[in-house]
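K.L.:
Structure provided below as structure tokens; questions to follow.
Every read-out reported here was derived from the displayed coordinates using simple, explicitly stated rules and does not represent laboratory data. Just so it is clear, the structure is predicted and the values come from calculations on it, not from any experiment. Positions of Cβ are generated from backbone atoms using ideal geometry, with glycine treated the same way; all protein chains shown enter the neighbour counts.
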Amino acid sequence: MAHLRCDFFSEVLGMGTSMTVLLPEAARRQVGMTSVAPDGPPPVLYLLHGLSDDCTAWARRTSIERYAADRGLAVVMPQVERSFYLDARHGHRYGTFVTEELPRVVEHLVRVSARPEDTFVAGLSMGGYGALRWALSRPDRFAAAASLSGALDLATMQEQDARAPLYEHIFGTQPMRGTRDDLFTLVGECGAQAPPLYVACGEEDSLLSSNEAFVERATAAGAEVRYDVGPGGHDWTYWDAAIQDVLAWLPIRASEGTRS
């Protein structure tokens, strides 16, 4: 895999930002690695970081490069600060940046497939919320979406701590319940039109009950949901294992590309 750190200017944010990109590479003489290089532009996974992380976290704390190499999968990991992948009332428009500008930048700068059947999104914690919001608001863009230990019930979190500086920064004084930033509302609107969803959470995670509630709501709305609960907490040991299950679940189309 080619491992790129890309620094670029965002017109939406009005400032420079960064992303980490992994690209399939046919490295025949590389010892200890199996890799697949598709004949055409590779499928792509947008992999979103959590609240306290940045665009390097997945590559530093898991073996995502090794896991993706065997599947011929490109991985794009953007940087969004503590934004919950939303347009903040008193800050930057990271929601617009990720959902609209980022795919255009990726298509312009690197060689990946732009076809919806080759495009996936996943994330952990804050990124789990961001992944499902992106997929449910634009179901035509994705073949599948996954959340690991996702902060899926932001409306309740906001109500329980409405004066928290982070929530005031993002939402102002407006409640998010019932809006299209509320995943429970969004999945109800999307229903069976949602791409297949994968929701995973550790049994020792404080977010487990909200993940269960979201899965119940999504299933009732007609969405196709795989729910995976097992031992683990809100930590990288769990996420390193869980992302392997996500990659095995993704409907990555078979390729005749070069294997090394």
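K.L.:
Specify which residue in the list VAL44, LEU13, HIS92 is farthest towards the positive end of the charge dipole of segment 1-127, using unit charges on the beta carbon of Lys, Arg (+1) and Asp, Glu (-1), about the Cα centre.
P.N.:
VAL44
K.L.:
Please report the antiparallel percentage of DSSP beta bridges with both residues in the chain, rounded to the nearest 5.
P.N.:
For the chain, the DSSP antiparallel bridge percentage is about 40.
K.L.:
Calculated FRET efficiency, ASP140 and ASP245, Cβ-Cβ r, R0 22 Å, to nearest 0.05?
P.N.:
The formula returns an efficiency of 0.30 here.
K.L.:
Next question, about the same structure. Run the quick spin-label model on GLN174 and THR156: label points 7 Å from Cα toward the beta carbon, then report their separation in nm to one decimal.
P.N.:
Each label point lies 7 Å from its Cα, and together they span 2.4 nm.
K.L.:
Using alpha carbons only, what's the Rg to Rh ratio of segment 41-185 with Rh from Kirkwood?
P.N.:
Value, to two decimals: 0.97.
K.L.:
Dipole of segment 1-64, Cα-centred, from +1 at each Lys and Arg C-beta and -1 at each Asp and Glu C-beta, to the nearest 20 debye?
P.N.:
Roughly 340 debye for segment 1-64.
K.L.:
A further question follows. Cβ under 13 Å from ALA155's Cβ, ALA155 left aside: what net charge do those residues give with Lys, Arg +1 and Asp, Glu -1?
P.N.:
Around ALA155, the charge tally is -1.
K.L.:
Here's a follow-up. Using alpha carbon centroids, what distance separates segment 1-75 and segment 139-165, in Å?
P.N.:
24
K.L.:
Okay, moving on. Using just the C-alpha positions of the chain as equal point scatterers, what log10 of I(q)/I(0) does the Debye formula give at each q in 0.07, 0.09, 0.13 1/Å?
P.N.:
With no solvent term, the Cα-only Debye profile gives -0.22, -0.37, -0.79.
K.L.:
Provide HIS108, HIS49 in ascending order of the number of other Cβ atoms located within 10 Å of each residue's Cβ, fewest first.
P.N.:
HIS108, HIS49
K.L.:
Rounding to the nearest 10 and keeping the result within 0 to 90°, find how far the Cα-based axis of helix 126-137 lies from the longest principal axis of the chain.
P.N.:
For 126-137 against the chain, the angle is about 90 degrees.
K.L.:
By how many nm would the segment from LEU208 to ARG61 lengthen if fully extended, with 0.36 nm per residue of separation less the alpha-carbon distance?
P.N.:
Additional length available on full extension: 50.7 nm.
K.L.:
Could I have the simple spin-label model distance between HIS108 and SER52, label points 7 Å from Cα toward Cβ, reported in nm to one decimal?
P.N.:
Distance between the two pseudo-spin positions: 3.5 nm.
K.L.:
About its Cα centre, what dipole magnitude does segment 2-259 give when the only charges are +1 on Lys and Arg Cβ and -1 on Asp and Glu Cβ, stated in debye to the nearest 20?
P.N.:
Here segment 2-259 has a charge dipole of around 660 debye.
K.L.:
So if each residue of separation counts as 0.36 nm, and I subtract the Cα-Cα distance between HIS3 and GLU81, what length gain in nm does that give?
P.N.:
25.9 nm
K.L.:
Just rank ARG133, ARG5, ARG71, fewest to most, by other beta-carbon atoms within 10 angstrom.
P.N.:
Ascending number of Cβ neighbours within 10 Å: ARG5, ARG71, ARG133.
K.L.:
Could you list CYS6, CYS190, CYS201 in order of exposure, starting from the residue whose Cβ has the fewest other Cβ atoms within 10 Å?
P.N.:
By the 10 Å Cβ count, ascending, the order reads CYS6, CYS190, CYS201.
K.L.:
When a/c is below 1.5 the answer is rounded, else prolate if a/b is larger than b/c, else oblate, so apply that to segment 120-253 with a ≥ b ≥ c taken from the square roots of the Cα gyration tensor eigenvalues.
P.N.:
oblate
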